[in-house]
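Working notes, structure below.
The values are calculated or read from the model by the stated rules, or taken from the named source; none is laboratory data. Note that this is a predicted model, so its numbers are computed, not measured. Quick reminder, even Gly has a Cβ in these numbers, built from the backbone with ideal geometry, and neighbours come from all protein chains shown. When the accessible area is computed, the model is the full protein with side chains, heavy atoms only, and any ligands, DNA or RNA have been set aside. Shrake-Rupley method; radii C 1.70, N 1.55, O 1.52, S 1.80 Å.
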Amino acid sequence: MKDKILRRIPYYIFALLGYILLLTGIFVRPFSVVTAVIALIFILFSLFYPTYIILKSRGEKLRLYISVILSEFSLLAIQLTGNFHSPFFGILYLLAFLLGSLTEFYVFITIYIAITISFITTGNHQFGDQSIFLLISLVLGYISSKKEFFIMTMKTQLNSIETHKFISPESADIEEKASMIFSGGDDQYTYYKENTLYSITDLIFKVFAPHTAAVFLVNKTGEFLTLGACRSKSKNINENVVIKEEKNLLYWVVKYRRDMMNNEFTLPVTSLDFYTKDEPVRSFMAVQITFENRVLGVLVLDSLEENAFTWEDKEKLKHFATIVAIAIILINDIQLKNRDSVKFSILKDISTTLLRHLEINEIYNHLHDTLKKMMPFDSLLLIHIEGNKGRFVKIFGDEYFKEGEGFNFSNSLISVTIKNNIPILRNMKETEFKRIPILYPGEHIKKGYQSFILFPIIDPRGESADNRLVLLFINKSQKVRYDEKMIRGIIIPTANIFATAIERSLLYEKVKDLAIKDGLTGLYNHRYFQTTLKEMLRESQINRHPIALIMIDIDFFKSFNDKYGHQTGDRVLKHLAEIMKRITPSGALAARYGGEEFVVVLPNKNENQAIEIAEQLRSSVENTSIKHNNTLLKITISLGVAVFEEKYLSSDILIKHADLALYDSKKNGRNRTTIH
């Protein structure tokens, strides 16, 4: 966009205005410093600002522009050496430079020196000033004669600076690398391919001296031809031509794999499609560009003369076609190798980063952040599959679903993904997207969404096909369409790495649970309870919030154990633990204190709230049963509650008061709650 705006600026206006200013003698000594600075800034702007634009173009105005610039330098040299007395010589210098762009150096320099000597001898100037000006004139004269060389050199360097933006696997960020994979580095390799083809075409143009020499390339699907490079004496070349009709001779050469040479060409040249106007072409030759029995394009020559080409020319052109084919294959191969290198670098970066993450939520967050940089999506849902049920374990960018929420997914697309272990990609226009639910009937997903991808990751927690983690990518933009390239190039390799990281994280969580949780009930163990209670008390003291402790004991558990056996006793402990997990509010701590005793720590709960939760626990246990040999067994629990006050200066004192309350409950008949 910036280049398009700059190219619309009439750059030659700046050069001409600067030239006119110099003709007025603004730099003749003595001169006003302010005036000179302003004029100098304007002149420098006219020199350097448009140069960037003009060097990138191939316009015919280049000769005029450079001639004006060199004339400005000449006038500047005249005035700074005190030799200015007439603008007439400034106009002569401009004409000399324009002439110099069309003549040989010795012709131009003779004219230039004649003007310079004439200028010096017509004025009363110091010998030193004359010598300086003559030296400057000779330098400018040489530059003028060689300006085409300098211009091409500068243009090459400018293109080199701007186009050679290599994506280094070591320096680029992940977004650049992802762009490299999707685009294949098309910008930089298109530049190399184009310049290589133009170099070969230039050589062909010099060898055969045709009217036009052109290289046409077959697109990836083989459906049409586009112009890859062209050198022509004609100004009527259609550089944006797309050839896909069989009646075109070039398309015929590709389709039927036959070269062509016609020295009595009588068809209208517009039938070739790459001319915009008819020209008197009388000889035509087209040779296939092939590699390993695959047609890559067509090499074309034409001439305005009849019988311009011989069979030897045709054989020679075939050799050039081979060179073109090798160049194309070589550049494509380098492009693919570099793309693979960048892909490996991405995976290496991800793996290195994942080594620093062990928590499962950190890995889920990193998975989202990584994929967000590499591909477009509005929402990402991580769904854990258990049997025919799904559960949202992590949600990014979706306000309708909730983490932890479950659903049945029978007769939906996700069930197909799970059953066959395959990704599913759909875009809005596809009818199946409209007919079959993605997750479950009645879902909201299709409202405002344009496309999605379902991708299964095998869950390391089990080898069963029913245990999987599925990624659901949702896109709302009509400008984005998902394709197989995203799945193959980004999602599959990334998901494979993250699957390993998830396995490692789950193993870490398992080891961590073994250290802090009770193996039988799944509640936190005594040691973790003691450590966490101290931290919670400290926070309550700082924030001046209440904290309550409930101690629980199973009534007559020893007798129950002796009567029904230890295995049934273990089932009772698990049964109570499940009820505690269900009723204990978020942020609370439920733990097994030891044997048949349990504890619940309730931060930010006052006396009444603590008693209410304790009663919920008691009544739930009382009203549920445990099946044993076709018999329903019932148990009850006794509870003691203590609420933190300033007099409870330590966790030991709080535990002691809760224990005393529990003792009162058992003393007064059990199956009750007492507060101390």
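Points 7 angstrom from Cα along the Cβ direction at THR221 and THR636: gap in nanometres?
For THR221 paired with THR636, the spin-label model returns 7.9 nm.
Points 7 angstrom from Cα along the Cβ direction at HIS526 and LEU506: gap in nanometres?
Once both label points are built, they end up 3.3 nm from each other.
Holding the Cα-Cα limit at 21 Å, pick out from LYS372/LYS479; LYS534/LYS558; LYS372/LYS510; LYS394/LYS605; LYS627/LYS666 the pairs that are longer than that.
Details: LYS372/LYS479 17 Å; LYS534/LYS558 31 Å; LYS372/LYS510 29 Å; LYS394/LYS605 29 Å; LYS627/LYS666 26 Å.
As for pairs spanning more than 21 Å Cα to Cα, those are LYS534/LYS558; LYS372/LYS510; LYS394/LYS605; LYS627/LYS666.
Here is the link list: LYS193/LYS337; LYS563/LYS667; LYS419/LYS512; LYS389/LYS581; LYS193/LYS220. Which ones come out longer than 27 Å on Cα distance? Walk me through the numbers on the way to the answer.
Values: LYS193/LYS337 16 Å; LYS563/LYS667 23 Å; LYS419/LYS512 33 Å; LYS389/LYS581 21 Å; LYS193/LYS220 15 Å.
Those over the limit are LYS419/LYS512.
Within a Cβ distance under 14 Å of PRO423, other residues only, what is the Lys/Arg minus Asp/Glu net charge?
Combined, the nearby Lys, Arg, Asp and Glu give +3.
Using only the alpha carbons, work out the radius of gyration and Dmax of the stretch 242-392 in angstrom.
27.4, 79
Which order do the peptides 294-303, 225-234, 560-569 come out in when sorted by mean C-beta neighbours inside 10 angstrom, highest first?
Going by the mean number of other Cβ atoms within 10 Å, highest first, we get 294-303, 225-234, 560-569.
Tally the DSSP beta bridges in the stretch 566-676 and give the antiparallel ones as a percent, rounded to 5.
75
Full-extension gain between SER341 and TYR663, please, as 0.36 nm times their residue separation minus the C-alpha to C-alpha distance.
On the way: separation 322, 0.36 × 322 = 115.92 nm, distance 7.04 nm.
Full extension of this stretch gives 108.9 nm more.
On full extension of the chain, what length is gained from ASP333 through GLU607, given 0.36 nm per residue of separation minus the C-alpha to C-alpha distance? Provide the component values of the computation, followed by the final result.
Numbers: separation 274, 0.36 × 274 = 98.64 nm, distance 7.49 nm.
Computed gain between ASP333 and GLU607 is 91.2 nm.
Suppose R0 equals 30 Å. What FRET efficiency, 1/(1 + (r/R0)^6) with r the Cβ-Cβ distance, do VAL393 and THR352 give to the nearest 0.05?
That pair, VAL393 with THR352, gives E of 0.75.
LEU633 accessible area, nearest 10 Å², 1.4 Å probe?
10
Taking 0.36 nm per intervening residue step and subtracting the Cα-Cα distance, what contour gain separates SER620 from SER199 on full extension?
Separation in residues times 0.36 nm, less the Cα-Cα distance, equals 143.0 nm.
What distance in nm lies between label points placed 7 Å from Cα along the C-beta direction at GLU239 and ARG488?
Placing both labels 7 Å beyond Cα along the Cβ direction yields 3.3 nm.
To the nearest 0.05, how large is the calculated FRET efficiency for SER271 and LYS627 if R₀ is 60 Å and r is the Cβ-Cβ distance? Kindly include the intermediate steps, with their values, before the conclusion.
Numbers: r = 89 Å, r/R0 = 1.49.
Once the sixth-power term is evaluated, E becomes 0.10.
Be a star and scan the stretch 605-639 for residues whose amide nitrogen sits under 11 Å from the point 7 Å along the Cα-to-Cβ vector of PHE556.
Within reach of a label on PHE556: 634-636.
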